[in-house]
Amino acid sequence: MSFKSLYASDIHGSDMLWRKFINAASFYGVEALIMGGDIAGKAVIPIVCRNHSFYAPGFAGERAFTEDELPALERRIRDIGQYPHRMSEDELAQVENDQGAIDALFQQIMKETLERWLRLAEERLRGKGVRLYVMLGNDDEPALHDVLAASPVVVDCEDHTVELGEGFQMLSCGFANPTPWHSSREMPEEELQRHLENLAGQLLDPARSVFNLHVPPIQTPIDTAPVVDENLRPVIQGGSILMGPAGSRAVRNVIECYQPLIALHGHIHESRGIVKIGKTVCINPGSAYGEGVLHGALFELDKRKGLKRYQLISG
């Protein structure tokens, strides 16, 4: 017996990519959907009412919109991974210089968006026998765990092993090694390795497992990212952006040690590809969320053959 799974990651709040991800279960005929982290968006776009017109200066400059045009505008904003929010000029003035109020509004909208996504998943996956696994990434707020826990349709697979079926298990970790952006969920390499070792110790047979690790292994073709300076600007060398390794030594160490069948990664959007570390197939499908393109990886596990086939997909 065998079953097919689809993995994707780093959709960063894009409504369009979440819809594509959920709809892909039927399109590709998979039994499991795995979302590998960085699911939340990065910005709220105020839509301000002024003199019976509406403005979204952070998205459309000074163009005025009618109320009838707002649904289409909001959809365009959501599809590229940002959060539209209607408010008056007074409401905007109350929060724009109050970081605490901005953070509270951002968290509220993130939670509401994820709740809406999970309702959509429940509606479209109902009765299809598809298992949905979602974990947070390093950019995601820990409070989103509560939203995942409240949903009847999703398994928050982070930090424990789950049974995929046919004797295969999956371990998941959405934390990253330190980054220049000091995101909300990072660990020093030594701590990350201890954490991953503890997770791997829960597996019955690591050689018949799936490692769902947000960060790719260091010094591979799937962990290359732009090098940035102390101001987070890309470093230019010889007229081109300087690229360098941004993956994790801890992740590489545990893959080399435990040799799972397949390791699934995201985090580095630019490094779409497949590489082998020993016997392990490591995949980073990459991310093009701002372009509305879902990058993913299809793979099939077979009870007798192990990892039967795998491929990158886009759509």
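So here's what we get for this one:
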{"quantity": "Burial order of peptide ranges 125-133, 285-293 (average beta-carbon count within 10 Å, highest first)", "calculated": "285-293, 125-133"}
{"quantity": "Extension gain (nm, one decimal) between Thr179 and Arg75, 0.36 nm per residue minus Cα-Cα", "calculated": "34.3 nm"}
{"quantity": "Length added when fully stretched, Cys49-Asn231, from 0.36 nm per residue minus Cα-Cα", "calculated": "62.0 nm"}
{"quantity": "By average C-beta atoms within 10 angstrom, highest first, the peptides 115-122, 57-64, 257-264", "calculated": "257-264, 115-122, 57-64"}
{"quantity": "Accessible area per residue, Å², the chain with all protein chains present, probe 1.4 Å", "calculated": "46 Å²"}
{"quantity": "Debye log10 I(q)/I(0) at q = 0.22 Å⁻¹ for the range 16-95, Cα point scatterers", "calculated": "-0.98"}
{"quantity": "Helix axis angle, 99-125 relative to the chain longest principal axis, alpha carbon, degrees", "calculated": "60 degrees"}
{"quantity": "Distance-filtered residues of the range 277-295 - backbone nitrogen under 19 Å, label point 7 angstrom along Gln259 Cα→Cβ", "calculated": "277-283"}
{"quantity": "Principal axis box of the range 162-294, alpha-carbon based, largest edge first, Å", "calculated": "50, 31, 27"}
{"quantity": "Lys303 paired with Glu91, simple spin-label distance in nm, labels 7 Å along Cα-to-beta-carbon", "calculated": "5.5 nm"}
{"quantity": "Residues Lys276 and Glu190, FRET efficiency given R0 of 22 Å [Cβ-Cβ distance, rounded to 0.05]", "calculated": "0.25"}
{"quantity": "Förster-model FRET efficiency, 35 Å R0, Lys128 and Glu291, C-beta, rounded to 0.05", "calculated": "0.80"}
{"quantity": "Convex hull volume per residue in cubic angstrom - Cα atoms of the chain", "calculated": "147 Å³"}
{"quantity": "Accessible-area composition of the range 1-147, carbon plus sulfur, in percent [1.4 Å probe]", "calculated": "48 percent"}
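The values are calculated or read from the model by the stated rules, or taken from the named source; none is laboratory data. Nothing here was measured: the structure is a model prediction, and the numbers come from that model. Heads up, the Cβs are rebuilt from the backbone with ideal geometry, glycines too, and the neighbour counts pull from every protein chain shown. Accessible surface areas use protein heavy atoms only, side chains included; no ligands, DNA or RNA. Shrake-Rupley method; radii C 1.70, N 1.55, O 1.52, S 1.80 Å.
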